[in-house]
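Here's the structure we're looking at; comments come further down.
The values are calculated or read from the model by the stated rules, or taken from the named source; none is laboratory data. Predicted, not measured: the structure shown is a model, and the values here were computed from it. Reconstructed Cβ throughout: ideal geometry from the backbone, glycine too, with neighbour counts over all protein chains shown. Accessible surface is based on the protein model in full, side chains and every heavy atom, while ligands, DNA and RNA are left aside. Shrake-Rupley method; radii C 1.70, N 1.55, O 1.52, S 1.80 Å.
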Amino acid sequence: MSNENQTTEKPWGGRFSEPTDAFVERFTASVDFDQRLYYHDIQGSIAHATMLAKVGVLTEQERDTIIQGLKDVQNDIEDGSFEWSVTLEDVHMNIEARLTDKIGITGKKLHTGRSRNDQVATDIRLYLRDEIDIIASEITRLQEGMLLLAEREADTIMPGFTHLQTAQPVTFGHHIMAWFEMLSRDYERLQDCRKRVNIMPLGAAALAGTTYPIDRNLTAELLGFERPSFNSLDSVSDRDFAIEFCSVASLVMSHLSRSSEELILWASAQFNFIDLPDRFCTGSSIMPQKKNPDVPELVRGKSGRVTGHLISLLMLMKSQPLAYNKDNQEDKEPLFDVIDTLKGCLKAYGDMVPAIQVKAESMKESARRGFSTATDLADYLVVKGVPFRDAHEVVGKAVAYGVECEKDLSEMSLEELVKFSDVITGDVFDVLTLEGSVNARNHIGGTAPAQVRNAVAAAKEMLAQR
């Protein structure tokens with residue numbers, strides 16, 4: 001093999017008799033994507049150096065030199081003067097090499113008592129912890145936008161659907177609060193996931209711990225972790241926290257996808273329930289009249305991408321023996337893409353939802369069709385003493401008559417309705433109106449405007465406590 005296809009001088013090269021093949025070097029390197037961990041890698045190293053000095057492995061002068069050197073490296077990265085090297089494989093070795101260039105042999109002491117195995121596991125947890133906090137704030141912002149829309153449209157009547165068929169009239173505010181509830185569960189799951197992310201693996205070293213007298217509790221405290229991990233083998237090989245996060249993210253995206261589907265339908269000429277602002281839509285290159293709901297469509301599409309990454313991580317881990325394996329390099333790109341995709345979708349939705357314009361008359365007119373107050377008529381008959389199953393049959397016959405005559409129940413005369421049951425009297429029209437139907441459901445969780453406003457007020461109070 002020609003020397004032109006080989007590279008030399010690896011930090012771990014002492015055991016090897018020939019250099020790494022140039023293709024293998026590129027194939028196995030991760031620096032192109034894991035360099036985004038630089039800040040957290042440096043913070044972990046600063047805490048590690050601080051701890052090593054505390055237990056006497058480093059002198060205070062060595063600690064201070066290392067910490068200042070790391071801060072200088074961070075400045076180089078952030079001002080764009082840092083040159084990332086594939087030869088150095090990953091973010092960790094790139095930073096360590098630049099540190100040693102800056103401060104000399106003292107830089108080589110930083111890696112005492114740790115391995116890249118526990119280092120990368122710590123970096124990912126630090127990074128994901130921060131990203132979870134950002135995502136949680138985006139969920140809250142979106143929920144605040146939903147509350148604005150729900151409160152504004154608390155009285156707006158629309159058809160409620162099951163099987164995408166008209167079922168019963170509901171209020172648009174009530175519908176939006178259903179979206180809010182989905183995201184509330186997502187937020188809770190995210191916070192619960194964060195608890196398991198916030199465990200520190202640093203100190204597990206390669207897989208068996210270290211012989212140096214390290215103080216893991218101190219390092220965990222410096223980095224804001226809840227506690228150190230308990231088992232060194234599990235510490236370096238565990239990626240459950242990343243899988244769990246992607247599972248939470250998949251649920252969030254599934255919920256956004258369901259909302260997207262509704263927005264896409266509602267914005268169509270066939271439904272004509274809402275208008276999405278132009279800034280969230282695009283046109284057609286050939287059809288001048290088109291206004292395409294691209295943001296909801298893209299969010300709906302990206303839900304599959306996020307769920308795909310979850311499956312990828314599950315497959316990545318399913319056959320790995322303890323402890324660390326090179327397979328785990330494949331955890332980062334799916335995880336990073338899930339984070340980026342979820343943040344982007346939440347931001348787009350957070351901007352778009354409060355700007356949705358509702359076509360209230362079109363919604364109400366749609367609710368008038370499809371016999372949406374049929375259940376109210378059945379309930380009315382039950383109150384009059386008719387057994388529910390008999391009432392169900394009576395209303396079914398009335399609906400069949402309405403289909404034949406092309407009349408909604410509310411459009412029938414009293415004389416027509418009495419033909420189906422002699423207990424029906426003039427007060428029946430109080431329950432056959434759309435307003436009467438929604439206002440009658442005035443209980444916790446109901447669709448009545450008063451309940452929507454109560455739900456919004458309670459939700460605002462909940463968000464204020466986050």
Residue in region 80-95 that is within 15 Å of I46 (Cα to Cα), of a type in the set (S, T, N, Q) and at pLDDT 95 or above present: no
Helices (runs of 4 or more DSSP H) completely within region 416-466 that count 2 or more residues being in contact with a strand residue (DSSP E or B) (Cβ under 8 Å, 6 or more places away or on another chain) and either surrounded by 13 or more Cβ atoms within 10 Å (Cβ to Cβ) or at pLDDT 95 or above (or both): 434-440, 449-464
Residues (crowded, with 19+ Cβ neighbours inside 10 Å and farther than 15 Å from Q165 by Cβ) located in region 369-385: D376, L377, A378, Y380, L381
Some residue of region 231-240 being hydrophobic (A, V, I, L, M, F, W, C), part of a helix (DSSP H, G or I), touching a Pro at 6+ places or on another chain (Cβ under 7 Å) and under 23 Å from M315 (Cβ atoms): yes
Residue that is least open to solvent (accessible area, probe 1.4 Å), among those in region 260-280 that are part of a loop (DSSP other than H, G, I, E, B) and more than 13 Å from V295 (Cβ to Cβ): F273
Any hit, region 223-239, residues being farther than 23 Å from E330 by Cα, among the hydrophobic types (A, V, I, L, M, F, W, C) and either open to solvent by less than 80 Å² (accessible area, probe 1.4 Å) or touching a Gly at 6+ places or on another chain (Cβ under 8 Å) (or both): yes
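Yes/no per residue for (1) in contact (Cβ under 8 Å) with a residue 24 or more places away in the chain; (2) open to solvent by less than 60 Å² (accessible area, probe 1.4 Å); (3) of a type in the set (D, E):
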| position | (1), (2), (3) |
| --- | --- |
| F27 | no, no, no |
| R36 | yes, no, no |
| D41 | yes, yes, yes |
| T50 | yes, yes, no |
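A quick yes/no check of all residues on (1) under 27 Å from Y324 (Cβ atoms); (2) basic (K, R); (3) touching a Leu at 6+ places or on another chain (Cβ under 8 Å):
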residue: L251; (1), (2), (3): no, no, no
residue: I264; (1), (2), (3): no, no, no
residue: F271; (1), (2), (3): no, no, yes
residue: G283; (1), (2), (3): no, no, no
residue: M287; (1), (2), (3): no, no, no
residue: E297; (1), (2), (3): no, no, no
residue: G308; (1), (2), (3): yes, no, no
Which listed residue is under 30 Å from A323 (Cα atoms) and surrounded by fewer than 18 Cβ atoms within 10 Å (Cβ to Cβ), from V86, V91: V86
Qualifying position, being among the charged types (D, E, K, R) and under 30 Å from N272 (Cα atoms), among E181, E188, E226, E221: E181
Residue under evaluation E333, criteria (1) assigned to a helix (DSSP H, G or I); (2) within 23 Å of R36 (Cβ to Cβ); (3) in contact with a Ser or Thr (Cβ under 7 Å, 6 or more places away or on another chain); (4) of a type outside the set (A, V, I, L, M), criterion not met: (3)
Residue count for region 303-324, restricted to those that are in a loop (DSSP other than H, G, I, E, B), open to solvent by 40 Å² or more (accessible area, probe 1.4 Å) and touching a residue at least 12 places away in the same chain (Cβ under 8 Å): 2
Residue within region 386-397 that is in contact with an Asp or Glu (Cβ under 8 Å, 6 or more places away or on another chain) and open to solvent by 70 Å² or more (accessible area, probe 1.4 Å) present: no
Of all residues making up region 94-118, the number that are surrounded by fewer than 21 Cβ atoms within 10 Å (Cβ to Cβ), within 29 Å of S237 (Cα to Cα) and acidic (D, E): 0
Residue within region 213-220 that is part of a helix (DSSP H, G or I), open to solvent by 20 Å² or more (accessible area, probe 1.4 Å) and within 30 Å of P321 (Cβ to Cβ) present: yes
Test: residue in region 137-154 that is without any contact (Cβ under 8 Å) to a residue 12 or more places away in the chain and either part of a helix (DSSP H, G or I) or of a type in the set (D, E) (or both): yes
Flag if R194 is open to solvent by 20 Å² or more (accessible area, probe 1.4 Å), within 25 Å of the chain's Cα centre (by Cα) and closer than 30 Å to E365 by Cα: no
